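J.: I am attaching a structure below and will ask some questions about it afterwards.
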Amino acid sequence: MYSRDDNLERHYFVWAKSQCPFCVLAKRLLEEEGVEFTFYDLQEEQDLLNEAKNNLKWSTVPIVLEIRSDGTQSFIGGYTDLCEWFKKDPKID
């Protein structure tokens, strides 16, 4: 895992479903962290979601990636992985 203290700009990408509780929690966590992110709601786009899952070898949503300004990227995983990334306890409503 890369250090988040290296002064690189970061942008997060989330592939998700708007009606998925863990996806909503991931979006909320990113908002709370005040980071830039793009949330792709693929609720009605199952083919695109399946393609993302296959490409990243991840079977659930959300799917979260971090892209740094130097072009490097890190696959984070899902909501609980995102919590670990930001060193936060998962809040499961």
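The values are calculated or read from the model by the stated rules, or taken from the named source; none is laboratory data. The model shown is predicted, which means the values in this text are computed figures rather than measured ones. Don't worry about glycine lacking a Cβ; one is built from the backbone with ideal geometry, like all the others, and counts go over all protein chains shown. Side chains are part of the model used for accessible areas, which takes the heavy atoms of the whole protein and leaves out ligands, DNA and RNA. Shrake-Rupley method; radii C 1.70, N 1.55, O 1.52, S 1.80 Å.
J.: Can you go through 9, 36 and tell me which one is among the acidic types (Asp, Glu) and either within 14 Å of the chain's Cα centre (by Cα) or modelled with pLDDT of 95 or more (or both)?
T.: That would be 36, the only listed residue that is among the acidic types (Asp, Glu) and either within 14 Å of the chain's Cα centre (by Cα) or modelled with pLDDT of 95 or more (or both).
J.: How do the strands (runs of 3 or more DSSP E) wholly within the chain filter down when requiring 3 or more residues that are of a type in the set (Phe, Trp, Tyr): which remain?
T.: It comes to 10-16, 36-41.
J.: To continue, here is another question. Among residues belonging to the range 29-48 that are in contact (Cβ under 8 Å) with a residue 40 or more places away in the chain and not acidic (Asp, Glu), point out the one that is nearest to residue 80 (Cα to Cα).
T.: If we take residues in the range 29-48 being in contact (Cβ under 8 Å) with a residue 40 or more places away in the chain and not acidic (Asp, Glu), then 29 is nearest to residue 80 (Cα to Cα).
J.: Quick one: count up the residues across the range 44-80 that are under 18 Å from residue 20 (Cβ atoms) and open to solvent by less than 50 Å² (accessible area, probe 1.4 Å).
T.: So the count comes out to 12.
J.: Still on this structure, I have one more. Within the range 16-36, how many residues are within 18 Å of residue 88 (Cβ to Cβ), open to solvent by 50 Å² or more (accessible area, probe 1.4 Å) and not charged (D, E, K, R)?
T.: Matching residues across the range 16-36 total 4.
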